[in-house]
Amino acid sequence: MSVVPGAQEALNRFKMEAANEVGVNLKQGYNGDLTSRQAGSIGGQMVKKMIESYESSMK
């Protein structure tokens, strides 16, 4: 459960967007068939985008 209303939905959209950007077919629900490499590339892309967003807000 999320403390911020709508946060879980926003994170899911963000994850789907990152997966699309790295070419991983992520589906709603269970994604246990992804390889570690695919899952890692999604997480890495999410972190990259968060850092870029933070850096641009610092300017």
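The values are calculated or read from the model by the stated rules, or taken from the named source; none is laboratory data. Computed from a prediction, not measured in an experiment: that's the story for all the values here. We place every Cβ from the backbone using ideal geometry, glycine too, and count neighbours over all the protein chains shown. Accessible surface is based on the protein model in full, side chains and every heavy atom, while ligands, DNA and RNA are left aside. Shrake-Rupley method; radii C 1.70, N 1.55, O 1.52, S 1.80 Å.
Whole-Hz Karplus values for segment 14-25 come out as 4, 5, 5, 5, 5, 4, 4, 5, 9, x, 9, 7 Hz, taken residue by residue from phi with 6.51 cos²θ - 1.76 cosθ + 1.60 and θ = phi - 60°; glycine and proline positions read x. Ordering of 21-27, 39-45, 50-56 by packing is 39-45, 21-27, 50-56, highest average first (other Cβ atoms within 10 Å, averaged per residue). Its Cα centre serving as origin, the chain has a Cβ charge dipole (Lys and Arg +1, Asp and Glu -1) of approximately 40 debye.
Rounded to the nearest whole Hz, the Karplus-based 3J(HN,Hα) values (6.51 cos²θ - 1.76 cosθ + 1.60, θ = phi - 60°) of segment 38-43 follow the sequence 5, 4, x, 5, 5, x, with x at glycine and proline.
Heavy-atom accessible area per residue, the chain, 1.4 Å probe: how many Å²? Write down the numbers at each step before the final one.
Details: 4800 Å² over 59 residues.
It amounts to 81 Å² per residue over the chain.
Distance between the 7 Å Cα→Cβ label points at E21 and R37: 2.1 nm.
With a 1.4 Å probe and all protein chains left in place, how much of the accessible area of the chain comes from carbon and sulfur atoms, in whole percent? The value for the chain is 56 percent carbon and sulfur by accessible area.
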